[in-house]
Amino acid sequence: NNLHQRSINFILSNFTTSKIQQIMFKPIKEAWGKQSKFSADLPLSYTPSKPYGLTEDIDEVLALTTTDLYDSMRKVQEEYVSEEAHNPKATYLPFRRYLVDWMSDIGEQFNLHPTTIHTSILYLDKIFREQDGAVCPPRNKWQLLATACISVASKYEEAEEHCPPIPELLEVTKLYQSGQTPLSFRDGECEVLGYLNWTLRAICPLHVVGYYLSKGVTFEEDRWQGRKLIEKIPKYVKKYAEFFCNLTLQEYTFQKYEPSHLASAIIMASRVALNLEPKWRPDLASLTGYEESDIEPCFEHVFSYYEEQFPGHGSRSNSPKNVTDL
């Protein structure tokens, strides 16, 4: 089951139409397009709007019912992130931003998928957040554990040929200089697995955003600056959504929100940043399971943090007037 889930997560993040349809078993077509168990019902008098910019049906491309995958993500997402697990007093938090930036840089050097890095940081947070009386590991082991989290996450999230070879990982992270060898690094990986109780499926907002984008988060009835949408808009919504995922990863306070909740707020923030109207619609509530009122506080948190980090760029009154402003 874990191997199957890893394959689906990877395909969802990187799907193309190439040869997938030729090699995968196709389920009964009547099941495609069914609603998620977590979906909100559309009002009876409401006529759904068609997604804008989608060229293919993700269920047909993957030959599976992706709402089942979303239901599965919603069920297990609290394993790593929840309000109850959130510990704003964890002693490592003053240094967390540096760890996140360093791990992201290592991931980029090895061309790892962004979801792999986000997952590795969820691993690190779970180990370091001192939950249920646990003690944060000593600082002289932080670099080793952070690197081991990247290695373990890559083995879970990536195809085998994309996993960083341990000798190269030790060279790039300079762990060789502190006496680490491939054999001792294996012990570090086992230590991470022990901390995580071998529960490696970690759902981050970027996973959920990938699902939302594959189903469509812009619609034919949407308006941009009072006009009909243009071809480039879905691409820029995707860029904004991925940007907001990376931005909120850096700040620990966003881990008090469930990943699907934060992902929905990120979609709303992306629409607002592009001045799409309305900022939320029943079609999105049906897709995500969240009404506008459910995610408004989280959206305000996301957008306020954006405006704080990028003064002058996040002002809602200064949304782009045309695509050349993006």
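The values are calculated or read from the model by the stated rules, or taken from the named source; none is laboratory data. Everything numeric here is computed off the predicted structure, so don't read it as measured data. Please note: Cβ atoms are built from the backbone with ideal geometry, for glycine as well, and neighbour counts cover all protein chains shown.
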### Message
If I go through segment 152-181 residue by residue, how many of them are more than 14 Å from L112 (Cα to Cα), of a type in the set (D, E) and surrounded by 15 or more Cβ atoms within 10 Å (Cβ to Cβ)?
### Response
0
### Task
Give me a count of the residues in segment 182-198 that are surrounded by 12 or more Cβ atoms within 10 Å (Cβ to Cβ) and not in a helix (DSSP H, G or I).
1
### Task
Take segment 178-203 and flag every residue that is under 13 Å from E79 (Cα atoms) and of a type in the set (D, E, K, R).
R201
### Task
For T55, indicate whether it is modelled with pLDDT of 60 or more, over 20 Å from H207 (Cα atoms) and in contact with a Cys (Cβ under 6 Å, 6 or more places away or on another chain).
no
#### Entry: Sole exception among (1) modelled with pLDDT under 90; (2) part of a helix (DSSP H, G or I) for C298, by number
(1)
### Query
Which condition does R201 not pass, out of (1) charged (D, E, K, R); (2) under 23 Å from I127 (Cα atoms); (3) assigned to a helix (DSSP H, G or I), if it passes all the others?
(3)
### Hits in segment 204-220 (condition: among the charged types (D, E, K, R) and either assigned to a strand (DSSP E or B) or buried (at least 19 other Cβ atoms within 10 Å of the Cβ) (or both))
K215
#### Entry: Condition check for D222: in contact (Cβ under 8 Å) with a residue 40 or more places away in the chain and over 24 Å from the mean Cα position of the chain (by Cα)
yes
### Query
Do any residues in segment 257-269 that are within 13 Å of R74 (Cβ to Cβ) have Cβ atoms under 9 Å from those of residues that are among the acidic types (D, E) and part of a helix (DSSP H, G or I), where the two are at least six apart or on different chains, and which pairs are they?
E258/E78; P259/E78; H261/D294; S264/D294
## Note on the structure
Taking segment 297-312 and keeping only residues that are surrounded by fewer than 18 Cβ atoms within 10 Å (Cβ to Cβ) and touching a residue at least 12 places away in the same chain (Cβ under 8 Å), one is left with Q309
